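Below you'll find the structure, written out as structure tokens, and then a few comments.
The values are calculated or read from the model by the stated rules, or taken from the named source; none is laboratory data. Since this is a predicted model, take the numbers as computed values, not measurements. Quick reminder, even Gly has a Cβ in these numbers, built from the backbone with ideal geometry, and neighbours come from all protein chains shown. Heavy atoms of the whole protein, side chains included, go into the accessibility calculation; ligands, DNA and RNA do not. Shrake-Rupley method; radii C 1.70, N 1.55, O 1.52, S 1.80 Å.
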Amino acid sequence: MSKQDFKILGTRPIRPDGLDKVTGKAMFGADKSVTGMLHARILRSPHAHAEIVSIDTSKAKALPGVKAVITGADFDELKNRWTGYTSQNCMAQDRALYDGHAVAAVAAISKSIAAAALKLIEVEYNLLPHVTDVDEAMKPGAPVLHVGVKARKLGDEVSGNTVGYYSFGHGDLETGFAEADEVIERSFKTAATHQGYIEPHACLADLGSDGRGELWCSTQGHYNVRLICAEILDIEESQLRVTASEIGGGFGGKTTVFIEPVALMLSRKSGKPVKAVMTRDEVFRASGPTMSSSMDIKIGMSKDGRITAAQAKLRYQGGAFPYQMVMMGAMSAFAAYDLDHVQSEGWDVMTNRPKMISYRAPGAPMAVYAVEAVVDELCQKLELDPIDTRLKNAAREGTKSSYGPTFKAIGLVEALEAAKAHPHYSAPLAENTGRGVSCGFWFNFGGQVSVSMAINADGTVNLIEGNPDIGGSRASISMMAAEALGIPLDRIRTIVGDTASVGFSDVTDGSRVTFAVGIATINAANAAIKEMCKRAAMIWEIDEDAVEWVDGAAQPTGHNAGEFPPMSLAEIAAVSGKTGGPIAGHHEGAPDKAGVSFGVHLVDVEVDPETGFTAVKRYTAFQDVGKAIHPAYVEGQIQGGAVQGIGWALNEEYIYGEDGRLQNPGFLDYRIPVASDLPMIDPVIIEVPNPGHPFGVRGCGETAIVPPLAAVSNGVSRAIGKRMFELPMSPPKILKAIG
Amino acid sequence: MRYIVAKNSRDAVALLGAGDGAQPIAGGTDVLVQMKLSGVAPSVLVDLKKIPGIRDIVLEDGGIRIGACVSGAEMGENDALKNMWPGVVEAVELIGSTQVQGRATMVGNLCNGSPAADSVPALLAAEAIARIEGQDGQRDIPVFGLLEGPGRTKLGKGDLITSVLLPKAAKNSADAYLRFIPRTEMDIAVASAGVNLQLDEAGVVAAAKVALGAVAPTAVLVEDAAAALIGTRLDEAAVKQCAEACEKACNPIDDKRGTIEFRTKVAGVMATRAAKIAFQRAGGLL
């Protein structure tokens, strides 16, 4: 696919949501209130695993100001197994499965009365053995969270907590390892991390006695919220209108529900609107962090740096319910390399922790971390250049990937070459400083999408999409619409519609929105263009096929060329009332040619040999994004992913005590990086167009969190002269390794 | 809960001594957080900020008296204070964020009783003296004499610290404070050290105080560590001996913020690094 010339794509207009956000006008999840609404509070289990013997809510119900109290008994058993797990995660049934699991909820006329009512609920627990570590949870004899959900392919060597097993690869490992000059086999562990969105989960629910419901919430996918809540509350989807608020971060963590069904149930029971807002403590204990992991990696390499065989065994812990995510790790682990002999296996495991949910490239960062750490150790051992070695093995167009498909045009080689040529790579290193390199990969997705576009009589355009804007999609969608229609950007306003305003749209995840909504927008624009050409043909009294759309205007073509002056979009729109009525375009579809994306990160870290403190001194991130629609947003995505990965590498972790309780449910002891911890992250955009998108777009939101874990770990390992095998590399661990 | 603005320190003492559960509030950066986390409000919240003189920084007998309601930001803008006790000021300025600095007070940090309080090792090294207004009138007690354990001080019921005196700094002396945190700001000390050194005319350490934080139930003064520095220009052997003395004085806990092993090692590192800073501030040449 050749590079195209664009008028609007690639420019950096001001963001459409900027003014509202900096002036405080933007409405987030907790910003909406209505007259007569109640406040919800949720009682949570202090135990990691306990049978709920009884719940006595009578005293709470008797407290003046309390309008409704609910428990698991208010929620029906569901036919759909997966929605059933979601429901039980929102409100426990017979057992509390983790510290923080909801066991009851109250709606009252004030927050303080709701809080007082919680203290009046008496829960009798019968404590059960618990397990929070993935390796412990897999052992036969471990306390099993749910019986009968063990993956079918597995035998007695693993416990019933092992709910998923996947295997990918090709070739013959034994042959490959025999060809190697050096084989390194290492085990790694990574801690569970949280997305760390600043806005806690919040919603306002109103479910009337007429069966109609309104739900306002902070979410990455309001159609998904509607689907799940309608099923849990047993109402028809058409009767529940869900509106997505502005969102203060999601990163995958707002792709499911936690408090919405609870608020709806309280509203149904009380007959009043109910507002529910999580505290930060609740966000940590009872939303969906990502998986922790335990991994074994074995890689063989020839003296000249050719990877001859590669094997990964990934064990992920995903919390208290069955889940499917290790597959993504097993597929991503070796995606960057063109290998003859490769195998990756993965096991999904349940533990007494909050149920995992997506976190930016879910499943990939830890797997790629372990692989890239071993690749780096091999480079050190064989005295090979880390980038040259990766180039020697890099996947490119036509490579059969380790997870099956053959890659189309991809930009890994371009990213590696850009990294090698960048001044960062050849800059001298100071004392106690190490330079780390890592590749990263993410699939990107397409999925279902609906877009509706209206051409107004004044020549402006309204566009409605169904995907919450978490990374700048209103800007990129407007820009693609302007490019396709050939009109200035300021003529277009894009909004995110509620579930009653536009057709179904999948969740904003998988870096899919600019790709999929973009395609729908281009198709909607083309539909409107076709209609506008038809109107012009009607006015000119020529054949419809004799009109073409050039630079935002209809013009006669063929033997009619030059016969009439072009009619602009505004001119056609102005007379639309007399030529057949309003002009619009819409598109519904499920585009599936999202191009995969590769990134390469370079980092210099300085380690204080006396304290084990790691300072990130310089960071450069290279990423193939296909086509950067709005480069400033793309750079922001790359920087944000890098920073989250740096946090994961250095300090972020869910810390559990022997009692199975979370020790650090707050930003003081769950350490995301603060601004002063970081240098400016220097993003370098690589553009290898995706042949599956008219403008060449690839998703760009997730890839950037994949390389930092290994890049930082490789940098630290080189700085201290000892290999590190566990994340986070908090100062005590590094100081211990230094010895 | 009742909220009362005390008009003077006698009023405040009377209110605090009267019933159970009365709580003084200065900047509120600890008190309000504790109220929010526990969900429990004190019976009476006694606001100290309107007590005459309690927000003043004044020179006194060559030293500097800091009122109980002086914020960290105000200390950071006082040149006389910064020149005489730079270590105390840098310790107080490490507490919280810029926003917190506008309200948080050094005396509140002391009264909160945290073993990791940033200001306390610096106050110990400076030999600061707290002025206490109590049921039986006013008394002066060295800050060292107020420390008791995590979350506790030796202040009695109704006792109120109204100010802290930083004594006149000796000629050719300076202090410094350092702490270790896993990030660069907005955190709580994992191990910390305040050091105050006085040099003689030859640039040799003549007197020293070394205090450690976050490595024992209270901040501690380590006399052996100070002794290791006296009579030296912080040569390698002195620094090593100082670090070892600090390590011996440590009695930390193992928790989510750091292991016993880590805290012990890093306490010595912080002390020797702070000593070097204080030494250079005092005019010494390394």
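In this Cβ point-charge picture (+1 for Lys and Arg, -1 for Asp and Glu), region B:141-221 has a dipole of about 220 debye about its Cα centre.
Straight-line reach only, C-alpha to C-alpha below 20 angstrom: list the lysines that A:K7 could link to, leaving out same-chain residues fewer than 8 apart. Cross-link targets: A:K627. Distance from the C-alpha centroid of region B:3-37 to that of region A:333-359: 54 Å, rounded to the whole angstrom.
Every helix of 4 or more DSSP H residues in chain B counts as -39500 (n - 2.57), and over all residues that averages to -9500 deg cm²/dmol at 222 nm.
Figure legend: label point modelled 7 angstrom from the Cα of A:K303 along Cα→Cβ; residues of region A:167-183 with amide N under 12 Å from it are A:181-182. Each of A:T175 and B:M1 was given a label point 7 Å from its Cα along the Cα-to-Cβ line. The distance between the two points is 7.3 nm.
Please name which of B:I54, B:V13, B:A125 has its Cα lying farthest along the dipole of region B:2-166 towards the positive end, using unit charges on Cβ (Lys, Arg +1; Asp, Glu -1) and the Cα centre as origin. Final value for the positive-end residue is B:V13. Absence of a disulfide-compatible partner, taken as no other cysteine beta carbon within less than 4.7 angstrom, is noted in chain A for A:C90, A:C229, A:C379, A:C439, A:C533, A:C700. Please work out whether chain A counts as rounded, prolate or oblate from its C-alpha gyration tensor, where a ≥ b ≥ c are the square roots of the eigenvalues and a/c under 1.5 means rounded, while otherwise a/b larger than b/c means prolate and anything else oblate? Note, shape of chain A comes out oblate. Annotation: amide H of A:V461 within the under-5 Å range of A:N456, A:I492, A:R493, sequence separation 5 or more or interchain, hydrogens built in the peptide plane.
Assuming charge only on the beta carbon of Lys and Arg (+1) and of Asp and Glu (-1), the dipole of region A:298-345 about its Cα centre is about 180 debye to the nearest 20.
Per-peptide packing, taken as the mean over residues of other Cβ atoms within 10 Å, places A:674-684, A:40-50 in the sequence A:40-50, A:674-684 from highest down. Shown for chain B: the carbon plus sulfur share of the solvent-accessible area, taken with all protein chains present and a 1.4 angstrom probe, equals 52%. Applied to region A:442-453, the Karplus parametrisation 6.51 cos²θ - 1.76 cosθ + 1.60 on θ = phi - 60° returns per-residue 3J(HN,Hα) values of 8, 5, 6, 10, x, x, 6, 8, 9, 9, 10, 10 Hz, with x for Gly and Pro.
Extension gain, A:K578-A:N126: 0.36 nm per intervening residue step, less the Cα-Cα distance, totals 155.2 nm.
Straight-distance candidates among the aspartates and glutamates for linking to A:K617, with alpha-carbon spacing under 16 Å and chain neighbours fewer than 8 residues away dropped: A:E431, A:D604, A:E606, A:D608, A:D677, A:D682. Remark: the B:D20-B:N83 segment gains 18.5 nm on full extension, using 0.36 nm per residue and subtracting the alpha carbon distance. Annotation note: trypsin sites (Lys or Arg not before Pro) in region B:118-226 located in DSSP loop regions with a Cβ neighbour count of at most 14 within 10 Å are B:K154, B:K157, B:K168, B:K171.
Want the number for B:V58 to B:S38: 0.36 nm per residue separation, take away the alpha-carbon distance, what's left?
3.5 nm
Close Lys pairs in region B:177-286 (alpha-carbon distance under 18 Å; sequence gap of 8 or more, or different chains): 9. Looking at A:V502, A:A574, A:M480, which one has the Cα that reaches farthest to the positive end of the dipole of region A:446-589 (charges on Cβ: Lys, Arg +1; Asp, Glu -1)? Toward the positive end, the furthest listed residue is A:V502. Taking Cα centre as origin and charging only the Cβ of basic (Lys, Arg, +1) and acidic (Asp, Glu, -1) residues, the dipole magnitude of region A:446-589 rounds to 240 debye. Placing +1 on the Cβ of each Lys and Arg and -1 on the Cβ of each Asp and Glu in region B:2-166, which of B:L166, B:Y3, B:A26 has its Cα farthest towards the positive end of the resulting dipole? Toward the positive end, the furthest listed residue is B:Y3.
Pairs from the table (A:K313/A:K593; A:K32/A:K111; A:K59/A:K111) lying more than 25 angstrom apart at Cα are A:K313/A:K593. Helix-only arithmetic for chain A: the sum of -39500 (n - 2.57) across DSSP H runs with n ≥ 4, divided by the residue total, places the mean residue ellipticity at 222 nm at -8500 deg cm²/dmol.
Spatially, region A:378-433 and region A:229-303 are offset by 37 Å when compared through their Cα centroids.
Just check chain B against the gyration tensor rule for me: Cα atoms, a ≥ b ≥ c as the square roots of the eigenvalues, rounded for a/c under 1.5, and otherwise prolate or oblate depending on whether a/b exceeds b/c.
Verdict is prolate for chain B.
If R0 is taken as 56 Å, the Cβ-Cβ distance between A:L63 and B:I230 corresponds to a FRET efficiency of 0.30. Sequentially through region A:667-681, phi angles give Karplus couplings (6.51, -1.76, 1.60; θ = phi - 60°) of 6, 5, 9, 9, 8, 7, x, 9, 4, 6, 7, 10, x, 4, 7 Hz, Gly and Pro residues having no value and appearing as x.
The mean number of partner chain beta-carbon atoms within 10 angstrom of a residue's beta-carbon across peptide B:180-190 is 6. Would you mind classifying region B:1-120 by shape? Square roots of the alpha carbon gyration tensor eigenvalues, ordered a ≥ b ≥ c; an a/c under 1.5 is rounded, otherwise it is prolate if a/b is larger than b/c and oblate if not. Oblate is the answer for region B:1-120, as a/c is 1.5 or above yet b/c matches or exceeds a/b. So which lysines pass the test for A:K392, namely a Cα distance under 19 Å, with those fewer than 8 places away in the same chain ruled out? The qualifying lysines are A:K298, A:K303, A:K381, A:K400, A:K408, A:K420.
In order along region A:339-356, phi translates into HN-Hα couplings of 10, 8, 10, 8, 8, 10, 10, x, 10, 8, 10, 8, 9, 7, 9, x, 5, 5 Hz, rounded to whole numbers, per the Karplus curve 6.51 cos²θ - 1.76 cosθ + 1.60 with θ = phi - 60° and x for Gly and Pro.
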